[in-house]
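The values are calculated or read from the model by the stated rules, or taken from the named source; none is laboratory data. These numbers come from a predicted model, not from an experiment. Here Cβ is always computed from backbone atoms with ideal geometry, including for glycine, and neighbour counts include all displayed protein chains. For accessibility, only protein heavy atoms count, side chains too; no ligands or nucleic acids. Shrake-Rupley method; radii C 1.70, N 1.55, O 1.52, S 1.80 Å.
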Amino acid sequence: MFNTSLLISDAERLGIALTDEQLSRFDALSDLLVEQNKTMNLTAITDPDGIATKHFADSISALSAYDFPENAKVLDVGTGAGFPGIPLLIMRNDIDLTLLDSLNKRLIFVESVLNELGLKAKIVH
């Protein structure tokens with residue numbers, strides 16, 4: 001579980017509104033991340049506030065810095081546990097996202113997250 005109210009306020013400061021569906025997906029992503037991190041070192045940030053700010057808000061901040069055109073092609077190089085790519089895809093499921101990483105075990109996690117959240121992206125090892 002992550003700090004939902006913190007993500008909402010961080011997003012508002014960025015001029016970004018979150019829907020209930022997006023918040024639900026962020027909640028599911030947080031649960032998957034924390035659970036998998038118990039057996040695989042995906043991230044050092046697993047506290048509720050850190051997930052909200054350092055993983056989710058930082059990732060979606062790109063939307064306030066750049067006006068992604070509809071169906072934009074986006075490449076997340078060194079995606080690790082899926083940041084910033086998956087949060088961007090949660091916010092803008094129209095983007096054509098490619099997630100690239102050098103470790104296949106991370107990409108296996110990323111693929112399971114995408115399946116669980118009902119999102120689509122290309123994965124490249």
(request) Show that you can apply the helix-only estimate: for the chain, add -39,500 (n - 2.57) for every DSSP H stretch of four or more residues, divide by all residues, and state [θ] at 222 nm to the nearest 500. (result) -12500 deg cm²/dmol
(message) With just the Cα atoms defining each centre, how far is the range 52-125 from the range 6-34? Give it in Å.
(response) 14
(request) Please give the FRET efficiency for Ala72 paired with Leu103, using the beta carbon to beta carbon distance and R0 = 35 Å, rounded to the nearest 0.05. (result) 0.85
(message) Within the chain, what whole-number % of the accessible surface is contributed by carbon and sulfur, with the 1.4 Å probe and all protein chains included in the calculation?
(response) 50
(message) Treating only the Cβ of Lys, Arg, Asp and Glu as charged (+1, +1, -1, -1), what charge dipole size does the chain show about its Cα centre? Round to the nearest 20 debye.
(response) 400
(request) Please work out how much length the chain gains when fully extended from Asn93 to Ala28, using 0.36 nm per residue of separation minus the C-alpha to C-alpha distance, in nm with one decimal. (result) 21.8 nm
(message) Using only alpha-carbon positions, what ratio does the radius of gyration of the range 23-67 give when scaled by 2.2 N^0.38 Å?
(response) 1.24
(request) Quote the relative contact order of the chain in percent (integer), defining contacts as alpha-carbon pairs under 8 Å separated by 6+ residues. (result) 24
(request) Give the accessible area for Arg92 in Å² (nearest 10); use a 1.4 Å probe, count only protein heavy atoms, and leave out ligands, DNA and RNA. (result) 60
(message) If the elastic network links every pair of Cα atoms under 10 Å, which of Ala65, Ala28, Ala52 fluctuates the most in the Gaussian network model of the chain?
(response) Ala65
(message) Using Stokes-Einstein with the Kirkwood hydrodynamic radius over Cα pairs, what translational diffusion coefficient do you get for the chain at 10 °C and a viscosity of 1.306 mPa s, in µm²/s rounded to a whole number?
(response) 110
(request) Note down the relative contact order for the range 67-114 as a percent, whole number, built from C-alpha pairs under 8 angstrom at least six residues apart. (result) 43
(request) Find the accessible area per residue for the chain; the probe is 1.4 Å, ligands and nucleic acids are left out, and the unit is Å². (result) 53
